[in-house]
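Presented below is the structure to which this report refers.
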Amino acid sequence: MPTDFDPALPLELASTIPSDWYTNPARHLFERDTVFAPSWQCVARVDQLREPGQFVAFDFAGEPILIVRGADGVLRSFFNVCRHRAAPIANEPEGCASKLRCRYHGWTYDLAGRLIGVPEFAGVYNFERDDNGLVPAGVVEECGPFVWWKLAPNGSTVADTFAPFFASMNFEGLLWKARRSYDLACNWKVYVDNYLDGGYHIHTVHPALAGAIDYATYHTETFEYCSVQSAPLVAATGDVGNTRTGDAAYWWLWPNFMVNRSDGVMDTNWIEPLAHARCRVIFDFYFHAQASPEFIEQSLRVTEQVQLEDVTICEQVQRGLGSRSYRTGRYSVKRENGGHHFHRLLAESMRAVSSTE
Ligand code: FES
Ligand SMILES: [Fe+2]
């Protein structure tokens, strides 16, 4: 897959990654290996996986994955694929079980993935239960209030990869309250680009939000594998003014996770790449324990409004990227250093894989 983007050029000379990175189905499959297998994915909250037997199951970049806390307290990740005929072991996105039973023909595995029950299999030659446990899938770590998973087992820890993020974050007193999911007709990178444009589109796309942000001081700081956009919030009216106070910090963690903070409010956005022109964004909302139901409702309304505005523009951009008239664009030096940083990491991830081939 050709690189076709020069990461060495400084921001003021650089052009974006080319449009076919967003529109080519082969690129989508390629990124499963180059971008997603080697990167940390924030797949659950620690409170979903605290007790032995608690599990989460999800599909990510083409793989069904099951993460379960064993009877020994260890978190393990497996492919959510039965060794008999490949049916899923867990059929719910989360739950608690004393053992893992496939509902197709009833094969049963313990919480450590060992095959412990095989109905009607007497007389099968050269078949060892010990060789037919669930197949381990990558590595799991707990860091902050989150559980992280990565398919490729090597590389840095979550804490090291995102050290600037954890150093600046205080999760104290925040409780998870709600989840919302949005399917978008755009490549996942369109959504990330939109997030990382340094507030460039706030006044045009988000007029209600614009009134609450001190745009003049809004700026983006980049680190090795993350970046943060920050600005003080200013007095505003309506739901935005009531629920967005203090300092806003919008963290992006390579490649597809965002954490949005202001006083007493946090939401996380995890982007699943579903196809070359489809992605899903899952929002998890956290509030301080004393936040009233009215405050939470107001705050969710603000995010919903902003999200719908972003969905519209992202889907329009995806259509434009498919036009023969467009190939690359330039960056605003004042605003778009975060997007440039993202594109450089994309190019780097491709080179890292090519150099090991
Ligand atoms: S596929 Fe799981 S028991 Fe047959
Ligand atoms: Fe936006």
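The values are calculated or read from the model by the stated rules, or taken from the named source; none is laboratory data. Small disclaimer: the values here were computed from a predicted structure and weren't measured. Neighbour counts run over all protein chains shown; Cβ positions are idealised from the backbone, glycine included. To get the accessible areas, we keep the full protein, side chains included, count just its heavy atoms, and leave off ligands, DNA and RNA. Shrake-Rupley method; radii C 1.70, N 1.55, O 1.52, S 1.80 Å.
Would you please state the base-10 log of I(q)/I(0) at q = 0.14, 0.22, 0.26, 0.27 1/Å for region 296-347, with intensities from the Debye formula using one equal scatterer on every alpha carbon? For region 296-347 at q = 0.14, 0.22, 0.26, 0.27 Å⁻¹, log10 I(q)/I(0) is -0.60, -0.99, -1.02, -1.03. Taking the chain as a Gaussian network of alpha-carbon nodes connected by springs under 10 Å, the highest mean-square fluctuation of the residues 119, 255, 273 belongs to 119. Calculate I(q)/I(0) for region 219-345 by the Debye formula, one identical point scatterer on each C-alpha and no solvent, and give its log10 at q = 0.09, 0.14, 0.17 Å⁻¹ to two decimals. Ignoring solvent entirely, the Cα scatterers give -0.32, -0.76, -1.08. Mean sequence separation of contacting Cα pairs (under 8 Å, at least six apart), scaled by the length of region 145-282, corresponds to a relative contact order of 24 percent. Structure remark: mean-square fluctuation, Gaussian network model of the chain, C-alpha springs under 10 Å; the largest value among 56, 333, 306 belongs to 333. Proximity of backbone amide H atoms, modeled 1.01 Å from N, is registered between residue 4 and no other residue at under 5 Å, excluding neighbours fewer than 5 places apart on the same chain. For the residues 171, 127, 295, a GNM of the chain with alpha-carbon springs under 10 Å puts the largest fluctuation on 127. Taking a quarter of the surface of the Cα convex hull of region 1-98 gives a mean projected area of 9.5 nm². Remark: region 10-25, residue by residue, has Karplus-estimated 3J(HN,Hα) of x, 3, 6, 10, 6, 10, 5, 4, x, 5, 6, 5, 9, 10, 8, x Hz, where x stands for each Gly or Pro and the curve is 6.51 cos²θ - 1.76 cosθ + 1.60 at θ = phi - 60°. Taking amide H positions as modeled 1.01 Å from N, with prolines and chain starts lacking one, the residues under 5 Å from residue 75 and 5 or more places away or on another chain are 70. Along region 107-112 the Karplus relation, 6.51 cos²θ - 1.76 cosθ + 1.60 evaluated at θ = phi - 60°, assigns HN-Hα couplings of 4, 10, 10, 7, 5, 9 Hz to successive residues, with x for each Gly and Pro. Each Lys and Arg Cβ is given +1 and each Asp and Glu Cβ -1; about its Cα centre, the chain then shows a dipole of about 660 debye. Probing with 1.4 Å while keeping every protein chain in the model, the per residue accessible area of the chain equals 46 Å².
Under the convention that each Lys and Arg Cβ holds +1 and each Asp and Glu Cβ holds -1, the size of the dipole of region 1-143 around its Cα centre is about 680 debye. Here the Kirkwood formula, the inverse mean of 1/r across different C-alpha pairs, assigns region 136-203 a hydrodynamic radius of 15.4 Å. Taking each of 99/189; 189/334; 177/334 in turn, the alpha-carbon distance tops 30 angstrom for 99/189; 177/334.
Sparse packing (at most 13 other Cβ atoms within 10 Å of the Cβ) combined with a DSSP loop state is found for the following GluC sites (Glu not before Pro) in region 44-140: 120, 128. Debye-formula intensities of region 213-285, expressed as log10 I(q)/I(0) at q = 0.13, 0.21, 0.27 Å⁻¹, are -0.46, -0.96, -1.18 (one equal scatterer per alpha-carbon, no solvent). Relative to the compact-globule estimate of 2.2 N^0.38 Å, the Cα radius of gyration of region 253-292 comes out at 1.44. Rounded to the nearest 10 degrees, the inclination of helix 337-356 to the longest alpha-carbon principal axis of the chain is 40 degrees. Normalised by the number of residues in the chain, the mean separation of alpha-carbon contacts (under 8 Å, six or more apart) gives a relative contact order of 21 percent.
3J(HN,Hα) along region 299-311: 5, 5, 5, 4, 5, 4, 4, 4, 5, 5, 5, 5, 4 Hz, from the Karplus curve 6.51 cos²θ - 1.76 cosθ + 1.60 with θ = phi - 60°, whole Hz, x for Gly and Pro.
Using every Cα-Cα pair within the chain, state what percent have a distance larger than 36 Å. Looking at the chain, the distances longer than 36 Å represent 26 percent of pairs. Over all distinct Cα-Cα pairs of region 88-168, the Kirkwood formula returns a hydrodynamic radius of 15.6 Å.
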